[in-house]
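Since the structure comes first, as structure tokens, the remarks are kept for the end.
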Amino acid sequence: MDKAFGKLKKIDKKLINDVDDILQAAAFDTNDDAISNIQREGAIDLGAGGGLISHQQVRAIGKNKYEVLNSSKYAPFIEWGTGRQVSVPAEWAQYAMKYKGPYPGTWDEFEENIRAWMKRHGIPDRQIYTASDGTESYIDVTYSIMIKILERGLPARPFLYPAYVKNKAEVVKRLKELFK
């Protein structure tokens, strides 16, 4: 009987290790797919903090537990959009609630980020507008962009959720194969 229990313990350890291998591989595959999704969206400009890709990572949080995350404070707003354009998948709604509310940072930081983005993209701070009577006035492009963002929001550009969905199905398939 002791010999039988010894064999069961070995099988149990192997099974746990096999499950861990599957979950770890899925975490890294999900991370790779998230990076591919970011690249497909085009360079997502986060300014001096680097691009969104530089913040993408996998972290082990215990045996058989891995977390795929993006450490950029802007990631949730890129993933789900802002304002009127928010789009959160139902299965992530509870998780997304912790990011509901004001965008991180102050008005001055918002302005600074928009000005820096404009500079990197060669957009002038002000634009001259000439009326039909020939009078000229200046439009503050920075504030125009800021107001449009606040009024319209920014569209969701999901990168992590599609990777999660794709790899979740693969994990289920591999675990079913393992437990046949």
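The values are calculated or read from the model by the stated rules, or taken from the named source; none is laboratory data. Everything numeric in this text was worked out from a predicted model, so none of it was measured. Don't worry about glycine lacking a Cβ; one is built from the backbone with ideal geometry, like all the others, and counts go over all protein chains shown. Side chains included, ligands, DNA and RNA excluded: accessible areas come from the protein's heavy atoms. Shrake-Rupley method; radii C 1.70, N 1.55, O 1.52, S 1.80 Å.
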Note to self: Can you pull out every residue in segment 138-177 that is open to solvent by 70 Å² or more (accessible area, probe 1.4 Å) and not in a helix (DSSP H, G or I)?
What the structure shows: Tyr138, Arg157
Notebook entry, point to check: Just checking, how many residues over segment 115-139 are of a type in the set (A, V, I, L, M) and closer than 17 Å to Ile149 by Cβ?
Noted result: 4
